[in-house]
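K.L.:
This structure is in C-alpha cells; I'll ask about it shortly.
The values are calculated or read from the model by the stated rules, or taken from the named source; none is laboratory data. Since the structure is predicted, the reported quantities are computational estimates derived from the model, not experimental observations. Note: ideal-geometry Cβ built from the backbone for every residue, glycine included; neighbour counts use all protein chains shown. When the accessible area is computed, the model is the full protein with side chains, heavy atoms only, and any ligands, DNA or RNA have been set aside. Shrake-Rupley method; radii C 1.70, N 1.55, O 1.52, S 1.80 Å.
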Amino acid sequence: MDNHKVVKVGNTKFWIEDGILFCQFLSTDNYSKLDLNKVEEYIKAIEKMCQGNPMPFVVDIRGVKGAFTPEAGNLMANSPILKSLRISEAFILNSIGAKLLIASYKRIYDSTTPHGIFGDIRLAKQYCTETKNDFYGRE
C-alpha cells in the first residue's frame, strides 16, 4: 500500500508513508490562492496514489501564506473521491494566519472529517496512526 514515490503538483508534493498520505505545500514568498483547477489536479494525484485505500491525510502548511476560493474549499471538502479516501486530517502549521484559515475551512466546508491541528509532524503522525487504527480496527 505504501509507495515512497513523491508526486509534485505545482508547489505541492504528495507521498505515502506508513499508510498515511502526506501533502506538503512548499513555502513560497508570495501570497497564493488555491483555485478549483489546482484542487482538481490534487484530487487526481491523491486518487492515483491511494489506489482505493482509505487513509489519514497529513497536510503540512507551515510557512504558507494564502487562501482558497470558495469553490476550491467546497471541492476539497465534498469531493466524493476524497470523502471515500480521507479517514482524518492532521494539519501541521506554524502561524496564527494558517490556524485561522484551517478553522474557517473546517467550520464552513467540512465539519465532519475528524481533524487535528499540530505544530510538529511527530504529533500529527501519531494522531493519524490512531485514527487509522480506529478505522481499520486495532490489531
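K.L.:
So which pairs qualify, if the first residue must be in segment 10-26 and at positive phi, the second must be open to solvent by less than 10 Å² (accessible area, probe 1.4 Å) and in a strand (DSSP E or B), the Cβ gap must be under 6 Å, and the two must be at least 6 apart or on different chains?
P.N.:
Qualifying pairs under 6 Å: G19/M55.
K.L.:
Looking only at strands (runs of 3 or more DSSP E) that lie completely in segment 1-108, which have at least 1 residues being modelled with pLDDT under 90, over 12 Å from the mean Cα position of the chain (by Cα) and surrounded by 13 or more Cβ atoms within 10 Å (Cβ to Cβ)?
P.N.:
Working: elements: 7-9, 12-17, 20-25, 32-34, 55-60, 66-68, 86-92.
Output list reads 32-34, 66-68.
K.L.:
Considering only residues that are open to solvent by 40 Å² or more (accessible area, probe 1.4 Å), of a type in the set (S, T, N, Q) and part of a helix (DSSP H, G or I), which ones fall in segment 109-136?
P.N.:
Hits for segment 109-136 are Q126, T129, N133.
K.L.:
Inside segment 110-139, can you point out the residues that are under 14 Å from the mean Cα position of the chain (by Cα) and not basic (K, R)? Can you show your working first?
P.N.:
Narrowing segment 110-139 to residues under 14 Å from the mean Cα position of the chain (by Cα): 110, 113-118, 121, 124-125, 127-128.
The answer is D110, T113, P114, H115, G116, I117, F118, I121, A124, Y127, C128.
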